[in-house]
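First up is the structure itself, then whatever we jot down about it.
The values are calculated or read from the model by the stated rules, or taken from the named source; none is laboratory data. In this text the structure is predicted, and so the values were computed from the model without any measurement. All Cβ positions, glycine included, derive from the backbone under ideal geometry; neighbour counts span all protein chains shown. Calculation scope for accessible area: heavy atoms of the full protein, side chains included, ligands and nucleic acids excluded. Shrake-Rupley method; radii C 1.70, N 1.55, O 1.52, S 1.80 Å.
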Amino acid sequence: MNIDGKPYRTILPAADGESVEVIDQTRLPFAFELKRLATLDEAAIAIRTMIVRGAPLIGVTAAYGLALGLRRDASDAGIDHAVETLAATRPTAINLRWALDRVAAKLREVAVSERAAFAFAEAGRIAEEDVESCHAIGRHGAAILADLHKAKGYDKEEGRRLNVLTHCNAGWLATVDWGTALAPIYVAHEAGIPVHVYVDETRPRNQGAALTAFELNAHGVPHTVIADNAGGHLMQHGAIDVCIVGSDRTTASGDVCNKIGTYLKALAASDNRVPFYAALPFSTIDWTLTDGVAQIPIEERDGREVSHLTGRLADGGFATIEVVSPGSPVANPAFDVTPARLVTGIITERGVASANAEGLLSLYPERRPVA
Ligand code: MRU
């Protein structure tokens, strides 16, 4: 998507053909900086410290990280070490494991001397497929937005905008391009459907306030940042027409795991009859799981993300401040699970599925267990 009219991607092979460049998301929204990843460890650190984040982008970065690791050691043991190192960086987003398994499985068939180059090319293919998937999600989701805009009669009111609420950042910064939850918004915006996005700030790391707001701003999509707790109130007053969120892992039964706080938005949406969609590519579906609350591992992150805030000062400098009473214990679960019963539909690259096993299997019949 565009920054000041110039198209960007979040990850690209560097000019040397041997490393990759990523946008350092820890510096956004106040500084736009690229960072070069040249080794397995640099890729692992980038994922762990959230220089790159968002389930699909983590997967692509891990695939490139595996390729970078193989430049040092392309033996079977080298593959295992790289996969273990990268898989341990973040436990919840299944795209990470999916991408590593895909590359590693193919590598065993490749001559040791050619493995690094093969893995680098395969990572590039995963990146391209992610762009295509996200664009398709955008087209399917935009059709929902267009229908809603019409069904509510907004097309008859000059300038009446469709209000979409989103949580965290599931935009192009969380993928390679387009995004998942934001892809329908970009496609609708480009098709001339007037959309306005309410952006949850998304404490504790503020991916909404920092990243979603940055990318919508840069692409020229009307939006308003709200405190996380404002969504329910806005829904009660008819200010939200539809919610769309991303996902880090969705079960075969349609339970949607996403950034902490998503579940509360789904509860509020259900109470106010606001449609609640999750947008995700096939690589986010964990076909081995059927009960998201019981089975999805939830990443517990450093309590400092809750107790401290970093931001820009009036003089342009940066500062980290403490916001919690000193000495109080802090907990920081990074994700939660929205049960399928609260999800209106799952927007995928193949179309929109009901949030249940049959709905997902109707889009992915190849996953139907053989009798
Ligand atoms: O901890 P993060 O920033 O990696 O979490 C990201 C989210 O929860 C996104 O909403 C989710 O990954 C969907 S990304 C397309």
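How long are the semi-axes of the equivalent ellipsoid of the chain, defined as square roots of 5 times the Cα gyration tensor eigenvalues? Whole Å, largest first. Display every interim value, and only then the final one.
Details: eigenvalues 202, 122, 85 Å².
Computed over the chain, the values are 32, 25, 21 Å.
Express in whole angstrom the spacing between the alpha-carbon centres of the range 105-133 and the range 160-219. Using only Cα atoms, the two centres lie 30 Å from each other. In a DSSP loop and with at most 11 other Cβ atoms within 10 Å, the trypsin sites (Lys or Arg not before Pro) in the range 248-317 are R273.
By the Kirkwood approach, averaging reciprocal distances over each pair of separate Cα atoms, the range 321-371 gets a hydrodynamic radius of 14.5 Å. A P(r) calculated from all alpha carbon pairs of the range 136-267, with 5 Å bins opening at zero, reads 2, 11, 22, 24, 22, 14, 5, 1, 0 percent. Treating each Cα of the range 237-292 as one equal point scatterer and applying the Debye formula with no solvent, the log10 of I(q)/I(0) at q = 0.14, 0.28 Å⁻¹ comes out as -0.39, -1.12.
Might you report the magnitude of the Cβ-based charge dipole of the range 2-127 about its Cα centre, with Lys and Arg at +1 and Asp and Glu at -1, to the nearest 20 debye? Please report the intermediate quantities before stating the final value.
Values: 16 positive and 16 negative charges, 73 e Å.
Computed about the Cα centre, the dipole is about 340 debye.
Average projection, convex hull of the Cα set of the range 212-339: 10.7 square nanometres. Rounded to the nearest 500, the helix-only mean residue ellipticity at 222 nm of the chain stands at -11000 deg cm²/dmol, with each DSSP H run of n ≥ 4 adding -39,500 (n - 2.57).
I need the Kirkwood Rh of the range 8-143: take the reciprocal of the average 1/r across all distinct C-alpha pairs and report it in angstrom.
Working: mean 1/r = 0.0669 Å⁻¹.
14.9 Å is the Kirkwood radius here.
Taking the longest Cα principal axis of the chain as reference, the axis of helix 55-70 is set at about 10 degrees.
Split the accessible area of the range 1-122 by element, probe 1.4 Å, and carbon with sulfur accounts for 52%.
When the surface is traced with a 1.4 Å probe over the full set of protein chains, Y154 keeps roughly 20 Å² accessible. Non-local lysine pairs in the chain, meaning eight or more places apart or on different chains, with alpha-carbon distances under 27 Å, amount to 4. Among beta bridges from DSSP that stay inside the chain, the antiparallel ones total about 55%. What would the Debye formula give as log10 I(q)/I(0) at q = 0.22 Å⁻¹ for the alpha-carbon point model of the range 16-91, no solvent? Per q value, in the given order, log10 I(q)/I(0) is -0.93.
Measuring only protein heavy atoms, the 1.4 Å probe finds R367 accessible over about 120 Å².
For the chain, which longest stretch is free of loop sites, where a loop site is one of the GluC sites (Glu not before Pro) that DSSP puts outside H, G, I, E and B and that has at most 10 other Cβ atoms within 10 Å?
Numbers: sites that count: E109, E157, E158.
Result for the longest clean stretch: 159-371.
Magnitude of the charge dipole for the range 272-368, about its Cα centre and with charges confined to Cβ atoms of Lys, Arg (+1) and Asp, Glu (-1), is about 360 debye. If only the Cβ of Lys and Arg carry +1 and only the Cβ of Asp and Glu carry -1, the dipole of the chain around its Cα centre is close to 500 debye. In the context of the full protein assembly, D73 retains an accessible surface of approximately 70 Å², using a probe radius of 1.4 Å and ignoring ligands and nucleic acids.
Take S113, S253 and sort them by solvent-accessible surface of the protein heavy atoms, 1.4 Å probe, largest at the top.
On the way: S113 110, S253 30 Å².
Correct descending sequence by accessible area is S113, S253.
Computed over neighbours whose Cβ is under 14 Å from that of R367, the net charge equals -1, Lys and Arg +1, Asp and Glu -1. Across the options V306, S247, A355, the greatest Cα extent toward the positive end of the charge dipole of the range 139-367 (unit charges at beta carbon of Lys, Arg, Asp, Glu) belongs to A355.
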